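Only one structure is covered here, and it is reproduced in the block below.
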Amino acid sequence: MSLTPPNQMIWWKEPIHRIEVTWIILALSWCLVLFLWMPYWHVFGDQNLSSESYRIKPEAFEAKAKAMADQYTVRKETKMEIPVVKPPPGSDVYLVARLWQWWPILELEKDKSYRLHISSLDWQHGLSIQPVNINVQVLPGYEVVMNITPNQAGEYGVVCNEFCGIGHHTMLGKIYVK
Amino acid sequence: MAVKMFRKCPDSGLYFHKTAESLMKAHAVLGVVYLLIGGVLGLLVAATRAPGIHLLSAEAFYTALTAHGTAILIYWIIFFEMAVLYFASSTLLRCRPATPGIGWIGFLLMLIGSTMSMVAFARGNSSVMFTSYVPMPAEPIFYLGLILFAVGALIGCFVFLGTLVIAKREQTYDGSVPLVTFGAIVACVIAVFTIASGAAILLPTFLWSVGLINNIDPAIYRLFWWGMGHSSQQINVSAHVAIWYAIAAILFGAKPMSEKVSRGAFLLYILFLQLASAHHLLVDAGLSASWKVFNTSYAMYLAVLASMIHGLTVPGAIEVAQRKKGYTNGLFEWLRKAPWGNPVFSGMFLSLIVFGFIGGITGVVMGTEQINLIIHNTIFVPGHFHATVAVGTTLAFMAITYFLIPVLFRREVIMPGLAKWQPYIFTAGMLLLILFMLGAGTLGVPRRHWDINFADAAMQYQFAGSAIAMMGVAGMGGILAAVGGALFCLIAVGSLVFGKRLDQGASLFSSFGLPMADSSYTVERPDRLERTPVESSGSSGHAVEAKGTFVLALVFLASFVVYFFINAKYLSSLWKLG
Ligand code: HEM
Ligand SMILES: [Cu+2]
Ligand SMILES: [Cu+2]
C-alpha cells in the first residue's frame, strides 16, 4: 500500500510491470518528438521569434522612434493626433510601449519584411497583435527586434496583454497592412 | 514520565500525535479560510470578465484579481500543503513532530505574512497582480508579507525534515518510507529550492520598495520570480499526486504497480524542473533560442514524463486492486463500479482526469517555444492553470478533506447528500470556465484585462463575436464553480462546527487547532509501522492487470498529439517571423 513502506527492502530492484514499461517508452518517445519539433521549426518553420535584443535606455529608444516618425509620418489619426508612420520596406521600425499607449500607428506593406523594434518606456507591457494573435513580452530597458513579414492586408489591433496599471485596458494601438 | 501523546483513529487505524494534529488542523483550517476568500474574489473576477455582467469597476477588478491569485494560489494551497507535510510525516510514520514549538512559529509567520499582504490589497495601492513584475511598485508591506509567509513555510519544511530524521532514528517504521511520504519529501525539497529562489528576488524587491535599492532589472526579476513561481507549481503537483496515491490506498487498498516506477517518477520532478521557469520567458527579451528550447524541453519534458507516468500508475493501481476484488469484466468494470458517490473518490478521480487531459496537454503545448507566441498572456493561460491548480490541486485537497473531517477532526461530514454532488458541481463549473477561457484565448483575448471592448481607448478594436460570447460562457462557468467551491467551504466548516462528534474529546475548539481532550490520547508509543504484506499468492500475472488504464492512457496520448499539431498548424498561419 502507498501508506505503508514497500514490501521489498530493496524496492529499486523490483521488476517493472509490462504496461508500465510500454507506457514509459511511448511517453518518452512523444517527449522527444516535442523536443525535436522546436529545432525543426527553427529550421523549417516560418514563425520563430528572433533572439536579437539589446539593453537600451528608455530615452534613447524614444528618440529613435521619434526620428522614425518625423521622417515617415503620412497622416495623423484620433483626437490625440497620433502619427501614422509608413516606413519603407526592409527598414527599422520602432514601436513604443508606454502608459497607456502604443506609439505610433504603423502602416506596413503586405509581404514586405520589416525589422520591428519594441521596448517599454516605463513598466512591463505585452505586445499582442490581433487578430493574428502574436504575443510578445515588452520590458523596459530591453529592446527586442522582431523580423516580421505581414502576409495579410488589414487593420490590426495592438492590445496590451501584460497588466500595466489602471489604464491597462485602454492601451490599444494599430497597425495597418496594405 | 510516560505521557500519552498519540491517539489511534478507530476508523482508519492512523495514529495522530497531539501537537502534530493541532498543527495539521490549524494549517488546514486557515487554508480553507483563504480558499473561501479567494473563491469569493474569483467569483467577482469571473463576473467582471463576463461581458454581459461586467460587475466590478476597473480599479476594484485589478485589486480583486491580485488578491484572488495571491490568496488562493499561494495561501490556500501552501497552508494546506503544510498540513499535508505534517500528515505525511507525523501521522503516516507514527512519529512525534520535531520541534513542535518552532512549527507553531512557522504557522504564526505564515498567518502574519499572509494577513499583511491582504491588508496591502485592501488599502488598494498594491494591485500589481501576484507576480508583482517590477518596476510597477506595490507597498512594502505587500512584499514583506510574502517574505514572512515564505519564511514561515520554510520553517514548516524544516520541521517536516526534522520529523523524518526522528522517525528514522527512533525506527517508527520498517524499511523505506511509504510512497505518499516519499511524494511529500519531494514536494518539500522542491519547496526549499523554490523559497530560496523567491527570497533571492523578493528580498531585493522589498529593499527597492523602501528605497534602499535603485533598480531591479525586469528580465532578471522574471527569471528568478518564475524560478519560484514555476517550481512552486511542481510542489503542488507532487503534493496532489501524493494525495492521489493516498486516496487510492485508503479507498481501495491499492498498492503502487511498482514502487520503483512511481518513486523514480517523483525523483524526476526534483531533477528536471529547476529551469522550467523558462517556459514563462519564451517570448522575453535577452534570452537565446537555444537556452529557451533546452530549458523548456529537456528540463521540463522529463518532469512531464513523470506526470504522464503517475497518470498511468495511479489509476493503474486502482484498477489492479479493483480487479482483485472481482471487478474483472471488460475493460472498465473496475472504473464503473468505483464509489462515484463518495466525494473522496470522485474528487480525486476528477482531479486526475482534468489535470492530465486539460491541464497537462495545454501546458505542454503552450510551453513549446514557438507555439507560445500565440498563447502568451492570453486568457488561455488562466484556462490552463485552472485545470492544473484549481481542479488538479484544489479538488484533490478537497477530496482528502472529506476523508480528514472524520479521521483528523473526529466529526461526521454534514449534508452528505450535498457533499456527494459537490465535486461534480465544482468540476462542471470549472470545465466551463476552463474550456471557454482556452477558446477565447485562442482567439487572442488577453488575460488580466478589464474591458476587451476597449470602450475607453483612443482607438477601436473588435474581438470576434465568438470570443466575446465565450467569455460570457466562461463567466457562467466561473459562477457555477464558485457555487461548488462555496459548498465545499460550507460543508467543511459546517462539519467542524455542527458535525456529529465521533470522539468524546472532540470539542468545537479542537476543530480549529487546539488539541482534543486528554482522554482521547491513549497511546504512548504507536507500534512500529510494518511493511506492506506480501500479496496472497495467486496467479501473479493476473494480479497486476491494468488493460483499462492502458487504453485510457492511449486515448490521452492520442488527444495530446492531435491537439499539439492543431496548434502547430495554427502557428503556421501567422505572419512570417524570423
Ligand atoms: C472559485 C472559483 C474560481 C473562479 C470563478 C476563478 C476565476 C478566475 C478568473 C476568471 C481568472 C482570470 C482573470 C483574468 O486573467 O482576467 C482567474 C485568475 C486566476 N485564478 Fe482563479 N478562479 C477560481 C478558483 C481558483 C483556484 C482554486 C485557484 C488556485 C488554486 C485559482 C488561481 C488563479 C490564479 C493564480 C489566477 C491568475 C491571477 C493573475 O492573473 O494574476 N483560481 N480566476
Ligand atoms: Cu501595457
Ligand atoms: Cu497593459
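Treat every Asp and Glu Cβ in the stretch A:53-177 as -1 and every Lys and Arg Cβ as +1, leave all other atoms uncharged, and give the resulting dipole magnitude about the Cα centre to the nearest 20 debye.
With Lys and Arg at +1 and Asp and Glu at -1, about 100 debye.
Express the relative contact order of the stretch A:53-177 as a whole percentage, based on alpha carbon pairs under 8 Å and six or more residues apart in sequence.
Dividing the mean separation by the residue count of the stretch A:53-177 yields 26 percent.
Over the stretch A:105-160, what number does the Rg to Rh ratio reach, with both radii from the alpha-carbon atoms and Rh per Kirkwood?
A ratio of 0.97.
What's the buried accessible area, both sides, between B and A using a 1.4 Å probe, rounded to 100 Å²?
Between B and A, the summed buried area is about 8900 Å².
I need the P(r) histogram for the protein assembly as shown: all alpha carbon pairs, bin width 10 Å from 0 out to the longest distance, whole percents.
Percent of Cα pairs in each bin: 3, 14, 24, 25, 18, 10, 4, 1, 0, 0.
Please report the net charge: other residues with Cβ closer than 10 Å to the Cβ of B:LYS547, K and R +1, D and E -1.
-1
If you look at just the Cα atoms of the stretch B:14-175, how large are its Rg and its Dmax in Å?
18.5, 62
Ranked highest first by the average count of other Cβ atoms within 10 Å around their residues, in what order do B:85-95, A:109-119, B:3-13 fall?
B:85-95, A:109-119, B:3-13
What area, in nm² and to one decimal, does the C-alpha convex hull of the stretch B:443-502 cast on average over all directions?
6.2 nm²
Which whole-number percent of Cα pairs in chain A have a distance greater than 31 Å?
Percent of Cα pairs beyond 31 Å in chain A: 34.
Tell me the accessible surface of B:HIS449 in square angstrom (1.4 angstrom probe, heavy atoms of protein chains only), to the nearest ten.
0 Å²
Over the residues of the stretch B:379-480, compute the C-alpha Rg and express it relative to 2.2 N^0.38 Å.
Relative to the rule-of-thumb radius for its length, the stretch B:379-480 sits at 1.41.
Would you mind counting up the charge near B:HIS386? Only other residues with Cβ under 13 Å from its Cβ, with Lys and Arg at +1 and Asp and Glu at -1.
Result for the local shell: +2.
Using square roots of five times the C-alpha gyration tensor eigenvalues, list the equivalent-ellipsoid semi-axes of the stretch B:272-391 in whole Å, biggest first.
Semi-axes, largest first: 36, 15, 10 Å.
Give, as a single signed number, the net charge of other residues whose beta carbon lies under 10 Å from the beta carbon of B:GLY326, with Lys and Arg counted +1 and Asp and Glu -1.
Overall, the nearby charge balance is +3.
Within the protein assembly as shown, what percent of beta bridges assigned by DSSP are antiparallel, to the nearest 5?
Around 75 percent antiparallel, to the nearest 5.
Which whole number gives the average, over all residues in B:548-554, of C-beta atoms from other chains lying within 10 Å of the residue C-beta?
Average per residue, whole number: 2.
For chain A, give the share of DSSP beta bridges that are antiparallel, in percent and rounded to the nearest 5; count only bridges with both residues there.
Here the share of antiparallel DSSP bridges comes out near 70 percent.
Using only the alpha-carbon atoms, what does the stretch B:339-515 span along each of its principal axes? Please give whole angstrom values in decreasing order.
Principal-axis extents of the Cα atoms in the stretch B:339-515, largest first: 68, 34, 28 Å.
Scale the Cα Rg of chain B by the rule-of-thumb value 2.2 N^0.38 Å and send over the ratio, two decimals.
0.95
Using alpha carbons only, what's the Rg to Rh ratio of the stretch B:165-250 with Rh from Kirkwood?
Rg/Rh: 1.20.
For B:285-292, what's the mean count of beta carbons from other chains sitting within 10 Å of each residue's beta carbon?
Taking all residues of B:285-292 together, the mean is 6.
Within a 10 angstrom radius of each residue's Cβ in B:364-375, how many Cβ atoms of other chains show up on average? Whole number is fine.
4
Give me the base-10 log of I(q)/I(0) for the stretch B:282-325 at each q in 0.22 Å⁻¹, Debye formula, one uniform scatterer per Cα, rounded to two decimals.
Here log10 of I(q) over I(0) equals -0.74.
The values are calculated or read from the model by the stated rules, or taken from the named source; none is laboratory data. Nothing here was measured: the structure is a model prediction, and the numbers come from that model. Counting neighbours? That spans all protein chains shown, and the Cβs are built from the backbone with ideal geometry, glycine included. We work out accessible area using only protein heavy atoms, side chains counted, and drop any ligands, DNA or RNA first. Shrake-Rupley method; radii C 1.70, N 1.55, O 1.52, S 1.80 Å.
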